[in-house]
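Here the structure comes first, spelled out in structure tokens, and everything after it is commentary.
The values are calculated or read from the model by the stated rules, or taken from the named source; none is laboratory data. If you're wondering where the values come from, they're calculated on a predicted model, not measured in any experiment. Cβ: placed from backbone, ideal geometry, glycine included. Neighbour counts: every protein chain shown.
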Amino acid sequence: MSTFLGGKLFRYYSCCDEDHIDYVRQVIIDSKLYFNSPMQFNDPFDCKIEGLRFSEESFMSFFRQRYSFLTDEQFNESFRCNLDRYKSMCDEAINGLQNLVNEQFSVLCMSSTKDNIMMYSHYADKHQGVCLEFTLPANNRLQPEKVEYVEEFPEPPFAEEGEELRQLAVALLTTKAKFWDYENEYRSLKPSPAGYLTYPPEYLTGIIFGCKTTQETKDSLYEIVRSSSRQIDFYQAQPSKANFSLDIMLLP
């Protein structure tokens, strides 16, 4: 895992109707960000245990330490005779890990990218929504962790309980399949069920309009910012004339 050391992160929002604009209003006016349950994610593999297996080496090492009073020969014989029980313990630990992820964590997803065409398409209502810019100090309340993108299911070290199991849960929550790497995602984790977290107002520093954001939506957001008396810059995303990319222009 790689901890965020400060700088800008971005979160994309739809503004397709008044309810969604109210949601963005809450982020701006009330300085509240919603942390979602891992069970609500759109990727069927995201934060799921299917296919997860503990590494055989760590599994053996864990039980070797537990039964350190046995000689190597005694341990190998005991392990062979009780293999089914040990496998059952592995299954129970995996179930415990899944329950920990589902019930005791909620997640805020952000990106280090503000100009990704697919992100606007997927999360900002086909470029009709907005992207909010957050400027975070190194020591910030959100404490985002960089997502690791992998080709294969991870094989984490074995753990049954305690801090070791919690660390496995955090690792699982910040690991995704390689084909999502275009999102350049960071995740903030809250050790509680889904709900809101209040952030320091100065974290929000910019609002980027999508290429197709309507003037009505822009006017609504201008008014929201004016009523908040906060210093927030506005930007406009627009298609580049040179290649398949977006230009982000600061608005006067």
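Taking residue 130, is it among the β-branched types (Val, Ile, Thr), within 20 Å of residue 235 (Cβ to Cβ) and buried (at least 19 other Cβ atoms within 10 Å of the Cβ)?
yes
Could you count how many residues in the stretch 1-48 are more than 25 Å from residue 207 (Cβ to Cβ) and in contact with a helix residue (DSSP H, G or I) (Cβ under 8 Å, 6 or more places away or on another chain)?
8
Look through 233, 181 and report the one residue that is in contact with a strand residue (DSSP E or B) (Cβ under 9 Å, 6 or more places away or on another chain), over 18 Å from residue 145 (Cα atoms) and of a type outside the set (Ser, Thr, Tyr).
Within the list 233, 181, the selection yields 233.
Keeping to the stretch 90-133, report how many residues are out of contact with any helix residue (DSSP H, G or I) (no Cβ under 7 Å at 6 or more places or on another chain), of a type in the set (A, V, I, L, M) and within 19 Å of residue 144 (Cβ to Cβ).
2
When residue 148 is evaluated against the numbered criteria (1) surrounded by 15 or more Cβ atoms within 10 Å (Cβ to Cβ); (2) at pLDDT below 95; (3) more than 20 Å from the chain's Cα centre (by Cα), which criterion, by number, is the only one it fails?
For residue 148, the failing item is (3).
Restricting to the stretch 210-251, give me the number of residues that are in contact with a Pro (Cβ under 9 Å, 6 or more places away or on another chain) and part of a helix (DSSP H, G or I).
1
Matching residues to (1) within 23 Å of residue 9 (Cβ to Cβ); (2) out of contact with any His (no Cβ under 8 Å at 6 or more places or on another chain):
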site: 164; (1), (2): no, yes
site: 172; (1), (2): yes, yes
site: 176; (1), (2): yes, yes
site: 182; (1), (2): yes, yes
site: 206; (1), (2): yes, yes
site: 213; (1), (2): yes, no
site: 223; (1), (2): no, yes
site: 228; (1), (2): yes, yes
site: 235; (1), (2): yes, yes
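Residues 120, 182, 203: which one is buried (at least 20 other Cβ atoms within 10 Å of the Cβ) and closer than 30 Å to residue 220 by Cβ?
Working: 182 fails: buried (at least 20 other Cβ atoms within 10 Å of the Cβ); 203 fails: buried (at least 20 other Cβ atoms within 10 Å of the Cβ).
Every option except 120 fails the conditions.
So is residue 188 closer than 19 Å to residue 110 by Cα and at pLDDT 95 or above or not? Steps first, please.
Numbers: closer than 19 Å to residue 110 by Cα: yes; at pLDDT 95 or above: yes.
Yes; evaluated as a whole, the condition is true for this residue.
Criterion first (touching a Cys at 6+ places or on another chain (Cβ under 9 Å), more than 20 Å from residue 98 (Cβ to Cβ) and not polar (S, T, N, Q)) does residue 183 satisfy it?
yes
Give the stretch 206-252 a look and list any residue that's loosely packed, with under 15 Cβ neighbours inside 10 Å and polar (S, T, N, Q), or say none.
214, 215, 227, 229, 231, 238, 240, 243, 245
Would a scan of the stretch 64-85 turn up a residue that is surrounded by 16 or more Cβ atoms within 10 Å (Cβ to Cβ) and polar (S, T, N, Q)?
No; the residues of the stretch 64-85 include none that is surrounded by 16 or more Cβ atoms within 10 Å (Cβ to Cβ) and polar (S, T, N, Q).
Could you please tell me which pairs satisfy a Cβ distance under 7 Å, a separation of 6+ or placement on different chains, a first residue in the stretch 17-30 that is farther than 12 Å from residue 132 by Cα, and a second residue that is of a type in the set (Gly, Ala, Ser) and surrounded by 16 or more Cβ atoms within 10 Å (Cβ to Cβ)?
Going by the 7 Å Cβ cut-off, the qualifying pairs are 20/14; 21/220; 29/228.
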